[in-house]
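Chemist: Structure incoming, see below.
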Amino acid sequence: MNIQLSPPVSFNTVARLPLADNLLAISEQRKSGLILCKEFHAEFAGPGAAISSFVEQPYRAVIAIGEPELVTSKTLSQRRQAYSRRIQWGRWLSKIAEHPEPVERIERLFAGFEGFFGRQVVTSLPVEVVAAMVGVLPETAKTVQERYFNLGHAGGPTYLFPQDQQLTVSVISWDGLFRGDVVQPLQRATTMQEICRAYDLLKSA
């Protein structure tokens, strides 16, 4: 059975909703996702996944891949669907993180993201964020990323799609998610501290 989520909502609308009505999900109509940076790790929520649950640990920063659109999940069926999608994405990442070899964890994460979003996204991901997603040292993530995509070569990486079709990786505020603006593009060398600082600035803007 195909379950249709509610239409996109504005930030002001969500701000007025009771806490129990605030369950949001990432629309499945776009090729996009969110990396949710928490205190000691980072999670990935792909299309259809629930976010902003009141029982969830607060986010230190939110990183957007592409241009995600948030929708409200109001009915019981919609909520179940959204939670199910979040669990599925969580299990996908957990299986990667459980591998005993750190290098292979990174390689599997890159392979999955490249399949979902294309090579430009993977080459743009900050190494500290990658490390936090699968529990490895940032130095390991950097080494594998450079080797995996030959980033040290003068010609740079080879992209799978034309440049104008590339998805972007950026820090975004909750307001920006609803308005579709207020983003801070990221680079591979951007540190987690810089990401969190940018997120705080966007929230206060």
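FYI, it's all coordinate maths here, none of it is from the lab. Remember, predicted model here, so these are calculated numbers, not experimental data. As a convention, Cβ positions derive from the backbone with ideal geometry for all residues, glycine included, and neighbour counts pool all protein chains shown.
Chemist: Quick one: check the C-alpha center-to-center distance for the stretch 104-118 versus the stretch 26-51, whole angstrom.
Modeler: If you average the Cα positions of each part, the centres end up 15 Å apart.
Chemist: Computed over the Cα atoms, what is the radius of gyration of the stretch 65-158 divided by 2.2 N^0.38 Å, N being its residue count?
Modeler: 1.27
Chemist: Something else now. Using amide H atoms built 1.01 Å from N in the peptide plane, name the residues 5+ places from residue 48, or on other chains, whose amide H lies under 5 Å from its own.
Modeler: Here the answer is 26, 27, 28, since their amide H atoms fall under 5 Å of that of residue 48.
Chemist: A follow-up question, please. Quick one: if you stick a label point 7 Å off each Cα along the C-beta vector at residue 88 and residue 111, how many nm between them?
Modeler: 2.1
Chemist: Moving to a separate point now. Give me the Debye-computed log₁₀ of I(q)/I(0) at q = 0.20 Å⁻¹ for the stretch 26-104, equal point scatterers on Cα only, no solvent, two decimals.
Modeler: Listed by q, the Debye log ratios stand at -0.93.
Chemist: From the backbone phi of the stretch 78-90, what are the Karplus-calculated ³J(HN,Hα) couplings (6.51 cos²θ - 1.76 cosθ + 1.60, θ = phi - 60°) in whole Hz, Gly and Pro given as x?
Modeler: Going residue by residue, I get 5, 5, 4, 4, 5, 5, 4, 5, 4, 5, 4, 5, x Hz, with x marking Gly and Pro.
Chemist: About its Cα centre, what dipole magnitude does the stretch 91-150 give when the only charges are +1 on Lys and Arg Cβ and -1 on Asp and Glu Cβ, stated in debye to the nearest 20?
Modeler: Here the stretch 91-150 has a charge dipole of around 160 debye.
Chemist: Mind giving me the nanometre distance, one decimal, between the label points for residue 101 and residue 191, set 7 Å out from Cα along Cα→Cβ?
Modeler: 3.2
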